[in-house]
Amino acid sequence: MAENTASDTERRGCLLAKGAAAELAQHDPTVAGQSAGTMTALLTLLRTEISAAQRHSDIDGSADPERLAALLLTMVRGIADRPPGCDV
């Protein structure tokens, strides 16, 4: 996910981050289901990887994997939503 975001040199971004999916989801149950499913899958993937990192002592074992996953997903979505030309 990070590699795809970083390699997006045309700054096309992501439909989920850009809001198109959110706007369509208000009117289309299929889009709403796909968007929710994608977010759930991403959170699950991140939570799984964070838990594995905790087992290997790469991340503090007392940290809540669910909260860290939500934080990371929020950060990645924010990076993907930056406007063209924004290199911050």
Under the 7 Å Cα-to-Cβ spin-label approximation, L24 and Q54 lie apart by a distance in nanometres of 3.5
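Provide the gained length on full extension for the span S62 to Q34, in nm with one decimal, where the gain is 0.36 nm per separating residue minus the Cα-Cα distance. Let's see the in-between values first.
Working: separation 28, 0.36 × 28 = 10.08 nm, distance 3.25 nm.
The S62-Q34 span can extend by a further 6.8 nm.
Every read-out reported here was derived from the displayed coordinates using simple, explicitly stated rules and does not represent laboratory data. These numbers were taken from a predicted model, which means no experiment stands behind them. Using ideal geometry, Cβ is built from the backbone for each residue, glycine included, and neighbour counts are taken over all protein chains shown.
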